[in-house]
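Asks: Can you keep this structure in mind? I'll have questions shortly.
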Amino acid sequence: MSQETLSNLLRETRRFPPPPELAAAANVKADVYEDAAADQLAFWEEQARRLTWDQPWDKVLDWSPPFAKWFVGGKLNAAVNCVDRHVDAGHGDKVAFYWEGEPGDSRTITYASLKSEVCRATNALVELGVRKGDRVAIYMPMIPETFIAMLACARLGAPHTVVFGGFSSDALAGRIRDCDARLVITADGGYRRGAPSALKPNVDEALKECPDVRNSLVVRRTGQQVDWAEGRDLWWHDVVDRQSDEHQAEAHDAEHPLYVMYTSGTTAKPKGILHTTGGYLTQVAWTHWAIFDLKPDTDIFWTAADIGWVTGHSYIVYGPLANGATSVMYEGTPDTPHRGRWWEIAEKYKVTLLYTAPTAIRTFMKWGEEHPARFDLSSLRLLGSVGEPINPEAWIWYRKNIGTDRCPVVDTWWQTETGAILVSPLPGITTAKPGAAMRSLPGVVADVVDDQGQSVPNGGGGYLVVREPWPAMLRTIWGDDERYVKTYWSRFSGLYFPGDGAKRDEDGDIWLLGRVDDVMLVSGHNISTTEVESALVSHERVAESAVVGATDPVTTQAIVAFVIPRGDVSEDEAMGDEFAKELRDHVGRTLGPIAKPRQILVVPELPKTRSGKIMRRLLRDVAENRALGDVTTLTDSSVMDLIKEKLPTAKSEE
């Protein structure tokens, strides 16, 4: 971005105070901000005491910027905190997970049965030669064995690296090699969109490039035919089921590696984000309890995301289990066998707390409100959003159609690197604004700064930074301290810079504006793609949009918008000049003439990664008439062919 900070164009005046009954019984009250600000380290010590430690820490924080160690000298075991301690406290019969398979099969897993399964899996790892400190790769569908394998690794002190099941064999091989994993845990396949989706062939292909992998442990899920390498490949049921369900867990140092999670970098080599045990578990457990106002005895929590992403690690596995919560986990897609599948599951298990991504919410908007309306969603009491900034209209739709206009919505900001949520409303305290992440959580110091690293005034835009270390922060990039420093700490001296643009409104609340790479320079104004997309989606006939900047001889960059209309707009109407003009004028009225798109393309789908993020890089390639970049992480690469065909017919502003 240029010297000028980010333009602050969008105005949102709707306000939603906490429901009085939720506020009265909320886990966290308003004084928490003041208490945490008065003594940040004492605040995090208090949260760490919610966990069970075998040995207390000597020092809360050892900070040698930008390298942090939290709860130095303390020892604990993450799996014991997530499983054993609840059984020991007499809660063995409590349900840890209601698991729903896509074909309709289901499993109910109590804390006692989870402990038995985790101990068996741990003993199996030991038999296969896995030792404390060894890395284990996990490439699995959304089945219970996935979190059982993660917890077994954590119990043993063998850091896991979970690779999302949608990734290619090349991506898997690169990650296995980078962290030098010697065991891969996988499945024959999983169910997606009504059919078995194979996983093991990708592992077989990847292992051709990974000669140091000793074994592949395979869960039989679909019964598909698989190739078999004798001596290397082993069935989970043959190895795990015969093990003892007793295992004496060892306490690990607070800074012992818990997992490595890979996130894409600007270079071809992905970054292995390292999270350790004590600080990470402290913060994911507290944020889960505080932000979702968790009442473990009565709530049914559902993070509708994949375990292969950090959201699944922090808010399907480690946070909820550390808190003794009951969760729902679903294997498949939201439209199998019908577009109301999620709401059918929510009704079946009487889900009270739901956490999902804006991209899913916008998909449901496109499908229509009649699908959730067929189900009883009255059990819900709180909704959460994660993964990217949420458009105000999607926020309102979510609250109205899923939360029946009574559930608070917590829009959370964090990322793989932060480990846990850093910026979010607190549902019993915050008067929410649709589309705003609001303010730093207690114990976290986020700020919005200008190009020089100075705090911007209220009403200003700039870069999101974090000023002080936090317990769940990444410790480094696996095997590459230099890249860690350069990537996150070099832009502003002493400040963590995640790469996101943000603005601070007149009340001082924070609004995320997406990646700074996605900012467009139009006639001297830095305009965020997020704001233009929000303006387009606020039109009653638009379900979803993606916006990019394309080179323009007059304005430096011009705005090109890709739009998916709602279901009630006919194809003829959507392709007509009137519709494009109507949308362009709508953006002009909402944000001002400067933000009007030069071109509007009506498309049937947008290019998305398997985690639901829009691949704006590919849309920029289309808008600039360049050859397409890498499309291997797309859910459906044929989408790009459809979009390219439409570009010549796109309506431009004359």
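The values are calculated or read from the model by the stated rules, or taken from the named source; none is laboratory data. The structure presented is a predicted model; accordingly, all values stated were derived computationally and were not measured. Heads up, the Cβs are rebuilt from the backbone with ideal geometry, glycines too, and the neighbour counts pull from every protein chain shown. SASA here: full protein model, heavy atoms, side chains in, ligands and nucleic acids out. Shrake-Rupley method; radii C 1.70, N 1.55, O 1.52, S 1.80 Å.
Asks: Tell me the residue from D297, D293 that is within 29 Å of A24 (Cα to Cα), open to solvent by 20 Å² or more (accessible area, probe 1.4 Å), modelled with pLDDT of 95 or more and of a type in the set (D, E), please.
Replies: D297
Asks: While we're on this one: State which residue is surrounded by the most Cβ atoms within 10 Å (Cβ to Cβ) when the search covers only the stretch 84-117 and only residues that are in contact with a Ser or Thr (Cβ under 7 Å, 6 or more places away or on another chain) and hydrophobic (A, V, I, L, M, F, W, C).
Replies: A96
Asks: Collect the residues in the stretch 149-177 that are surrounded by fewer than 24 Cβ atoms within 10 Å (Cβ to Cβ), part of a helix (DSSP H, G or I) and out of contact with any Cys (no Cβ under 7 Å at 6 or more places or on another chain), keeping them in residue-number order.
Replies: S169, D170, A171, G174
Asks: How many residues are surrounded by 22 or more Cβ atoms within 10 Å (Cβ to Cβ), under 22 Å from E45 (Cβ atoms) and among the β-branched types (V, I, T) if we restrict to the stretch 424-466?
Replies: 1
Asks: Still on this model: I'd like to check something: does the stretch 400-411 contain any residue that is farther than 28 Å from H539 by Cα, touching an Asp or Glu at 6+ places or on another chain (Cβ under 8 Å) and at pLDDT 95 or above?
Replies: no
Asks: Check off (1) assigned to a strand (DSSP E or B); (2) free of Cβ contacts under 8 Å to residues at least 12 places away in the same chain; (3) not acidic (D, E) for L464 and give me the number that stays unchecked.
Replies: (2) is the only condition that L464 fails.
Asks: Separate question: Of the residues H252, H247, only one is within 27 Å of Q55 (Cβ to Cβ), within 30 Å of the chain's Cα centre (by Cα) and surrounded by 13 or more Cβ atoms within 10 Å (Cβ to Cβ); which?
Replies: Going through H252, H247 in turn, the sole match is H252.
Asks: Restricting to the stretch 492-515, what's the tally of residues that are part of a strand (DSSP E or B) and within 21 Å of the chain's Cα centre (by Cα)?
Replies: Within the stretch 492-515, residues that are part of a strand (DSSP E or B) and within 21 Å of the chain's Cα centre (by Cα) number 10.
Asks: Condition (residue is farther than 22 Å from R610 by Cβ and acidic (D, E)) applied to the stretch 193-213: is it met by at least one residue?
Replies: yes
Per-residue answers, yes or no, for (1) touching a Leu at 6+ places or on another chain (Cβ under 8 Å); (2) open to solvent by 20 Å² or more (accessible area, probe 1.4 Å):
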residue	(1), (2)
D509	no, yes
L513	yes, no
E533	no, no
S538	no, yes
E578	no, yes
T590	yes, yes
R598	no, yes
L601	yes, no
P604	yes, yes
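Asks: Can you name the residue in the stretch 547-576 that is surrounded by fewer than 20 Cβ atoms within 10 Å (Cβ to Cβ) and in contact with a helix residue (DSSP H, G or I) (Cβ under 7 Å, 6 or more places away or on another chain) and is also farthest from D517 (Cα to Cα) among such residues?
Replies: E573
Asks: Mind checking whether some residue in the stretch 368-385 is in contact with a helix residue (DSSP H, G or I) (Cβ under 8 Å, 6 or more places away or on another chain), of a type outside the set (V, I, T) and at pLDDT below 95?
Replies: No, the stretch 368-385 has no match at all.
Asks: Could you list, in sequence order, all residues of the stretch 184-198 that are closer than 13 Å to M140 by Cβ and more than 25 Å from the chain's Cα centre (by Cα)?
Replies: Passing the criteria: only D188.
Asks: Taking the stretch 45-66 as the search range and keeping residues that are surrounded by 15 or more Cβ atoms within 10 Å (Cβ to Cβ) and aromatic (F, W, Y), which one is farthest from T282 (Cα to Cα)?
Replies: W57
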